[in-house]
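Inspection log for the structure reproduced underneath, given as structure tokens.
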Amino acid sequence: TMSCLTAIDAADTLGAFVHKTPDIALDQARAADARLKAGAAPDLCGIPLGIKDLFCTKGVPSQAASNILRGFRPEYESTVTTRLFDAGAVMLGKLNMDEFAMGSSNETSCYGNAVNPWKVDDRKLTPGGSSGGSAAAVAADLCLGATGTDTGGSIRQPAAFTGIVGIKPTYGRVSRWGVVAFASSLDQAGPMTKSVRDAAIFLAAMSGHDPKDSTSADLAVPDFEAALTGDIRGKKIGIPKEYRMDGMPAEIETLWHNGAEMLRDAGAEIVDISLPHTKYALPAYYVIAPAEASSNLARYDGVRYGHRATLSAGDGITEMYEKTRAEGFGPEVQRRIMVGTYVLSAGFYDAYYNRARKVRALIKRDFELAFANGVDAILTPATPSSAFGLGEMASADPVEMYLNDVFTVTVNLAGLPGVSVPVGLDAKGLPMGLQLIGRPWEEGDLLNHAYVLE
Ligand code: GLN
């Protein structure tokens, strides 16, 4: 814990931590020492972690990287952080992210962006998003692991951009209670770590039924670490042809091919599969996620949480809402609220929201059929490129940024577990990741496939 705290102070230029909690960390570390001396299981006991700013941590600023939550210190602790602390984990501080987890580059944060510790020449690169601070902190060894959340790729894409492991578990595996909501039917928290084994241990500690989240599944949490045997003989790995996008860089194609060969060498059977509705996933996601966000973000009204605008004489409640929300939300969040409100409006509900829901059901069905045909895991690239330069994609057209999520959003729409594993460097010397998608509730088996690729 001490050496992490020193490393964090020395790495301020990365912008990974937005709020440091050294006093809490040292108290927790001392308590963990005592527990270990008394014979507690090592697992997460005494392990220093970073916590994404989307998690409510009691008495500690929890702003979802938004100005609208400025000054918000929750009265309660999220279920995930409660479980981690109960297991003896140590919180070093809160980590940078895109505002309300909306973004793929960490550039929508009210704190300014986090920076990828990987560099090409002197160009500053994005660590990805929205869990960019988590990814940067783990990759730069500022902590041993970090919590992330993933609504459409926000664990897996930053993991790929920084050369670490990130898993989004099955929807319902991890409680969403106390995690600031973005799109409730898609959001899942998960670990971001240096290795697959760490991910298995960390995920087990986060998981499990929580009566405070009605979508959390009442299922026992298997021992994910015990599943890491490295034995995948006889497993069937699907390669979906629809993920072979036009204009995909040859390097990614090669990496994907090599990943499949590694799994084959370990005794798995590689089969071509089709997930025919893949091309509709991105548009469906960018209707459903904003729709849910517009509803979830209605609660930031200047009364209940954080920031309230300074009012002028004669301003009423409407002006208070308008001014507070105009000041508090950044441009990307405002865009999502407007899109979401539009697709849910009486005249357009059927044309957009209902259609997107139907597409979602078809995407889910594609995966169900593949698994019903005996496929154990699906291998795809994690991202369409390696990390890009900061400022490079923050252009006038937000759709360019959305295209980053092309390989990851299907997994959230279908509620499946997905893991991003670092598998090598591209010609620029930047890390690249592959994604494995698994059957629902089989995170152990999924991590075991990732273990073979690692
Ligand atoms: N980049 C996606 C978005 O902006 C995904 C974000 C996420 O998973 N939280 O919506």
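Each value in this text was obtained by applying a stated rule to the coordinates, not by laboratory testing. Computed from a prediction, not measured in an experiment: that's the story for all the values here. In this analysis, Cβ positions are derived from the backbone assuming ideal geometry, glycine residues included, and neighbour counts consider all displayed protein chains.
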**Asked** If one computes the Cα centroid of the stretch 29-108 and of the stretch 188-217, what distance in Å separates the two points?
**Response** 13
**Asked** Roughly how many debye, to the nearest 20, is the charge dipole of the stretch 2-227 about its Cα centre, given +1 on each Lys and Arg Cβ, -1 on each Asp and Glu Cβ, and no other charges?
**Response** 40
**Message:** Relative contact order of the stretch 2-227, please, whole-number percent, based on alpha carbon pairs below 8 angstrom and at least 6 residues apart.
**Reply:** 19
**Fill in**
With the 8 Å Cα cutoff and a minimum separation of six or more residues, the chain has a relative contact order in percent of 18
**Asked** Structure shown: which of LYS20/LYS168; LYS236/LYS358; LYS168/LYS194; LYS58/LYS194; LYS58/LYS212; LYS94/LYS168 lie over 23 Å apart, alpha-carbon to alpha-carbon?
**Response** LYS20/LYS168; LYS236/LYS358; LYS58/LYS194
**Message:** With a cut-off of 8 Å between alpha carbons and a minimum separation of six or more residues, what is the relative contact order of the stretch 41-169 in percent?
**Reply:** 24
**Kirkwood hydrodynamic radius (C-alpha pairs) into Stokes-Einstein, the stretch 2-227, 37 °C and 0.692 mPa s, D in µm²/s** = 194
**Prompt:** Ranked highest first by the average count of other Cβ atoms within 10 Å around their residues, in what order do 158-170, 311-323, 295-307, 110-122 fall?
**Reply:** 158-170, 110-122, 295-307, 311-323
**Message:** I need the peptides 223-232, 255-264 ranked by packing, meaning the mean over residues of other C-beta atoms within 10 angstrom, with the highest value on top.
**Reply:** 255-264, 223-232
**Asked** What is the packing order of peptides 339-347, 32-40, 233-241, 172-180, taking the mean over residues of other C-beta atoms within 10 Å and listing the highest first?
**Response** 172-180, 233-241, 339-347, 32-40
**Message:** Rounded to the nearest 20 debye, what is the charge dipole size of the chain about its Cα centre when +1 sits on each Lys and Arg Cβ and -1 on each Asp and Glu Cβ?
**Reply:** 620
**Request:** Take the eigenvalues of the Cα gyration tensor for the chain, scale each by 5, and report the square roots as semi-axes in whole Å, largest first.
**Result:** 31, 28, 21
